Amino acid sequence: MSADRDLDDLAETFRRAARGWTTGVAVLTARRGEEVFAKTVSSLCTLSLRPLLISVAVDRRSPLVAAVRSSHRYAVSVLTHDQEPLARHFAQPGAGRAIGYFASAPMRARTTGAPVLDDCLAWFDCTLHSVLPGGDHALLVGRVAAADGGPGEPLLYHDARYRLLDHQPTSTSSGVRA
């Protein structure tokens, strides 16, 4: 039992540490036939410029993963600060599946046919490049077919709460370079 307890303690320590990482908030969407799927995610990562690739992680048991695997396309919509209600809605288990589009979340198909939320801060419309195992999650790697972004304030997630920018600079540095 000691090994199980140690693993549980490490998992709790991991969760506490992960809460210190501030991320943007996005909604992952896919369409399979008449069904539309959506899920709030905070794991969006830009991977490559050549080719244009992004990744997003989602619970491997999610019906959204099966929809992406069968349709070979998905979109990610980066949320603005005033789209927190959408983030909360699509974070609820079972709330992200509908026949046709969601009435509470205006969206439209883009280049690949994957639905993109209206009025989002930025979006990435992708064809499925690969699905990688990630423990209890699947890492969906997408080849970007179309993308766009505009001005606005992002919705952030930190310490298990949605947050907004406070616009108080902490330094004069120009930022991090990869």
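The values are calculated or read from the model by the stated rules, or taken from the named source; none is laboratory data. Everything quoted here is computed from the prediction, not taken from an experiment. Every residue, glycine among them, receives a Cβ derived from its backbone with ideal geometry; neighbour counts consider all protein chains shown. When the accessible area is computed, the model is the full protein with side chains, heavy atoms only, and any ligands, DNA or RNA have been set aside. Shrake-Rupley method; radii C 1.70, N 1.55, O 1.52, S 1.80 Å.
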Notebook entry, point to check: Quick check: anything in the range 111-133 modelled with pLDDT of 95 or more, crowded, with 17+ Cβ neighbours inside 10 Å, polar (S, T, N, Q) and assigned to a strand (DSSP E or B)?
Noted result: no
Note to self: of a type in the set (K, R) and assigned to a strand (DSSP E or B): which single residue out of R88, R143, R69, R61 fits that description?
What the structure shows: R143
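When the residues of the range 1-39 are filtered to those that are under 22 Å from L164 (Cα atoms) and in contact with a Leu (Cβ under 8 Å, 6 or more places away or on another chain), which remaining residue is modelled with the lowest pLDDT?
Out of the qualifying residues, it is T22.
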Next item on the list: Check V36, V68 and return the single one that is surrounded by 21 or more Cβ atoms within 10 Å (Cβ to Cβ), within 21 Å of T23 (Cβ to Cβ) and touching a residue at least 60 places away in the same chain (Cβ under 8 Å).
Entry: V68
Check: If the Cβ limit is 8 Å and pairs must be 6+ apart or interchain, which residue in the range 75-93 that is open to solvent by less than 60 Å² (accessible area, probe 1.4 Å) pairs with which residue that is acidic (D, E)?
Finding: A75/D125; T80/D119; T80/E153; Q83/D119
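Do we have any residue at all in the range 137-144 that's surrounded by fewer than 15 Cβ atoms within 10 Å (Cβ to Cβ) and of a type outside the set (S, T, Y)?
The answer is no, given that none of the residues of the range 137-144 is surrounded by fewer than 15 Cβ atoms within 10 Å (Cβ to Cβ) and of a type outside the set (S, T, Y).
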Next item on the list: Can you run down the residue pairs with Cβ atoms below 6 Å, 6 or more apart or on separate chains, where the first is in the range 114-136 and of a type in the set (D, E) and the partner is exposed (fewer than 15 other Cβ atoms within 10 Å of the Cβ) and in a loop (DSSP other than H, G, I, E, B)?
Entry: D118/P106
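Table: residues versus (1) surrounded by 12 or more Cβ atoms within 10 Å (Cβ to Cβ); (2) free of Cβ contacts under 8 Å to residues at least 12 places away in the same chain; (3) in contact with a helix residue (DSSP H, G or I) (Cβ under 7 Å, 6 or more places away or on another chain).
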| residue | (1), (2), (3) |
| --- | --- |
| R5 | no, yes, no |
| L10 | no, yes, no |
| L28 | yes, no, yes |
| S42 | yes, no, no |
| T46 | yes, yes, no |
| P51 | no, no, no |
